[in-house]
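Asks: Mind having a look at this structure? Questions to follow.
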Amino acid sequence: MFEEYKNLWVYIESSNGVAANVGLELLNPTRALADSVNEKLVAIVIDSKDTEALAQTAIKYGADEVIVVEGEEYASYSTDAYTNVLNVLAEKYKPSAIFIGATNRGRDLGPRLAARVKTGLTADCTSLAMDNGNIVWTRPAFGGNLMANILCPEHRPQLGTVRPGVFKKAEPDEHRVGNIIKEDITTPLEMIRTKIVDIVTTVSSDVPNIEEAEILVSGGAGVGGPEGYGVLKELALAMGGSIAASRAAVDAGWIDHAYQVGQTGKTVGPKIYIACGISGAIQHVAGMSSADVIIAINKDPEANIFKVADYGIVGDLFEVVPILTEEIKKR
Ligand code: FAD
């Protein structure tokens, strides 16, 4: 039915020649999906500079081929210009599926592209699989209380956005070679209806990017107030990590939303996640379950967080955390 549609595409989000993690992360699961149907994994790079280096990076992380579009009009992201490029490319090459990171940019680009290529979009996926040539897009539904498997058997391309931090990047293979195709697509300036006049950073520069952190010491309602984060900060500092939070703490106004982990916060994938005074609600776990090692500190032995934790300490965080900090400082 869809013989002319083939190959899986991953959009490599980048700004000024620097790739965001999410596109490189997506090359890992999609590599296996492409192999399972004997199709190529193609990365799409759109930027105003350094596209050759971006393409080489995508190949190292698993792409067989990279289609590159470079132009001054792609220096800043605009819905019109980027949708135009992907639409022109999709019409020419007819990919079977397109994967986009569920970042602010991807959440804007995905639906617009879906409308243009007349297909559906599965947004905010947390897991991917292949079923008889159809992508199985899995995403939380009903407030995270169930996971919905969504297929798109009637349309091509299949299109979806995937949350950052859900998948780990593959180890880069410096010897991997791939094909780079340069496409000359210009978007007339009159087609670009929005212009970025200024970028104002709202998050103060001392708020770390918790999505990139390797160690997170996260506090929930159990910290009892903003001052409760003091002991967590000391542990985070001793371990070279950052603090994070549950929504209960953010809603209480104890800590900025930039630190929130979970369904309506950030998805994180650190090496170590220490959950302190967090009960383990499904909406919180959705944002941290891909951490390599989860350590839970909670005074309730029945707390759900212990079901996902690799190590659990039943106790008062204000007694346990300072002991951990002292021990780590000794090493
Ligand atoms: P609680 O559930 O109140 O748990 C506090 C825990 O601390 C308890 O287990 C208690 O035993 C323990 N404790 C108390 N004092 C101490 C102490 N001194 N030492 C050790 N342990 C102690 N939540 C998120 O976190 N992120 C999200 O993105 C998110 N999105 C949501 C989206 C929707 C649509 C909905 C409906 C909810 C969402 N929630 C989210 C809220 C979520 O359901 C929970 O309400 C929230 O995660 C609870 O936060 P908590 O674990 O910090 O608080």
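Asks: Run the dipole for region 47-118 about the Cα centre, Lys and Arg Cβ at +1, Asp and Glu Cβ at -1, nothing else charged, and hand back the magnitude in debye, nearest 20.
Replies: 440 debye
Asks: Continuing with the same structure: When the dipole is taken about the Cα centre of the chain, and only Lys, Arg (+1) and Asp, Glu (-1) are charged at their Cβ, what size is it in debye, to the nearest 20?
Replies: 460 debye
Asks: Take Leu317, Leu324, Leu146 and sort them by solvent-accessible surface of the protein heavy atoms, 1.4 Å probe, largest at the top.
Replies: Output order, biggest surface exposure first: Leu146, Leu324, Leu317.
Asks: Return the single residue from Leu27, Leu128, Leu189 with maximal mean-square fluctuation; model: Gaussian network over the chain, springs between Cα atoms under 10 Å.
Replies: Leu189
Asks: Moving on to the next point. Note down the net charge around Thr51, summing +1 for each Lys or Arg and -1 for each Asp or Glu among other residues with Cβ under 10 Å from its Cβ.
Replies: -2
Asks: With every protein chain present, what accessible area does Val308 have (1.4 Å probe, heavy atoms only), rounded to the nearest 10 Å²?
Replies: My reading of the accessible area for Val308 is about 50 Å².
Asks: Oh, and also: Angle check, please: helix 229-239 long axis (alpha carbons) against the longest principal axis of the chain (alpha carbons), in degrees 0 to 90, nearest 10.
Replies: Long axis of 229-239 versus the principal axis of the chain: about 70 degrees.
Asks: Specify the inter-centroid distance of region 156-234 and region 278-331, based on alpha-carbon positions, in whole Å.
Replies: Centre-to-centre distance over Cα atoms comes out at 25 Å.
Asks: Counting only DSSP beta bridges with both residues in region 9-121, tell me the antiparallel percent, nearest 5.
Replies: 15 percent
Asks: Quick one: net charge around Thr119, please, counting Lys, Arg +1 and Asp, Glu -1 for every other residue with C-beta under 10 Å from its C-beta.
Replies: With Lys, Arg at +1 and Asp, Glu at -1, the net is +2.
Asks: Just how large is the dipole of region 218-296 about the Cα centre, in debye to the nearest 20, putting +1 at every Lys and Arg Cβ and -1 at every Asp and Glu Cβ?
Replies: Roughly 140 debye, rounded to the nearest 20.
Asks: Then there's this: Accessible area of Ser289, 1.4 Å probe, to the nearest 10 Å²?
Replies: Ignoring ligands and nucleic acids, Ser289 comes out at about 70 Å².
Asks: Spin-label point model (7 Å from Cα, Cβ direction): what's the Ser36 to Asp173 distance in nm?
Replies: Distance between the two pseudo-spin positions: 1.9 nm.
Asks: Sorted by accessible area (1.4 Å probe), largest first, how do Tyr259, Tyr311 line up?
Replies: Tyr311, Tyr259
Asks: Considering only Ala58, Tyr82, His284, whose Cα is most displaced toward the positive end of the charge dipole of the chain, charges sitting on Cβ of Lys, Arg (+1) and Asp, Glu (-1)?
Replies: Value computed over the given set: His284.
Asks: Can you pull the percent of the chain's accessible area that's carbon plus sulfur, 1.4 Å probe, other chains left in place?
Replies: 51 percent
Asks: Run the numbers for Ile328 and Ile181: contour at 0.36 nm per residue of separation, minus the present Cα-Cα distance, in nm.
Replies: Stretched out fully, the Ile328 to Ile181 stretch lengthens by 47.9 nm.
Asks: Positive end of the dipole of the chain, charges at C-beta (+1 Lys, Arg; -1 Asp, Glu), about the Cα centre: which of Ala221, Gly160, Ala258 has its Cα farthest in that direction?
Replies: Gly160
Asks: Here's a follow-up. Val268: net charge of surrounding residues, Cβ under 13 Å, Lys/Arg +1, Asp/Glu -1, itself excluded?
Replies: -1
Asks: Would you mind checking which residues have amide H under 5 Å from Val293's amide H? H placed 1.01 Å from N; only 5 or more apart, or other chain.
Replies: Ile272, Tyr273
Asks: To continue, here is another question. Using only protein heavy atoms and a 1.4 Å probe, report how much of Trp254 is accessible, in Å² to the nearest 10.
Replies: 60 Å²
Asks: While we're looking at this one, here's another question. Do you know the relative contact order of region 1-132, to the nearest whole percent, from alpha carbon pairs under 8 angstrom that are 6+ apart?
Replies: Dividing the mean separation by the residue count of region 1-132 yields 28 percent.
Asks: Also: Of the candidates Gly262, Gly277, Gly71, which one comes out as most mobile in a Gaussian network treatment of the chain with C-alpha springs shorter than 10 Å?
Replies: Evaluated over the chain, the most mobile residue of the options is Gly71.
Asks: What list of ³J(HN,Hα) values in whole Hz, one per residue of region 54-70 in order, does the Karplus curve 6.51 cos²θ - 1.76 cosθ + 1.60 (θ = phi - 60°) give from phi, with Gly and Pro shown as x?
Replies: Residue by residue, region 54-70 yields 4, 5, 4, 4, 4, 5, 4, 8, x, 6, 7, 8, 10, 9, 10, 10, 10 Hz.
Asks: May I pose another question? Charges on Cβ only, +1 for Lys and Arg, -1 for Asp and Glu, centred on the Cα centroid of the chain; of Phe318, Leu235, Ala141, which one is farthest towards the dipole's positive end?
Replies: Ala141
Asks: With each pseudo-label sitting 7 Å past Cα toward Cβ, what's the Asn132-Val314 distance in nm, one decimal?
Replies: 4.8 nm
Asks: Could you state the angle between the C-alpha long axis of helix 79-93 and the longest principal axis of the C-alpha atoms of the chain, as a value from 0 to 90 degrees rounded to the nearest 10?
Replies: So the helix axis and the longest Cα principal axis differ by about 60 degrees.
Asks: In nanometres, what is the gap between the two model label sites at Phe2 and Glu212, each 7 Å from Cα along Cα-to-Cβ?
Replies: 3.5 nm
Asks: Top to bottom by accessible area (1.4 Å), largest first, where do Met191, Met288, Met1, Met130 land?
Replies: Reading off the accessible areas and sorting them downward yields Met1, Met191, Met130, Met288.
Asks: What residues have an amide H closer than 5 Å to that of Phe99, excluding those fewer than 5 places away on the same chain, when H is modeled at 1.01 Å from N in the peptide plane?
Replies: So Phe99 has HN proximity to Trp9, Val10, Tyr11.
The values are calculated or read from the model by the stated rules, or taken from the named source; none is laboratory data. Not measured: the values here are computed from a predicted model. Every residue, glycine among them, receives a Cβ derived from its backbone with ideal geometry; neighbour counts consider all protein chains shown. Just so you know, the surface numbers come from the protein's heavy atoms only, side chains and all, with ligands and any DNA or RNA stripped out. Shrake-Rupley method; radii C 1.70, N 1.55, O 1.52, S 1.80 Å.
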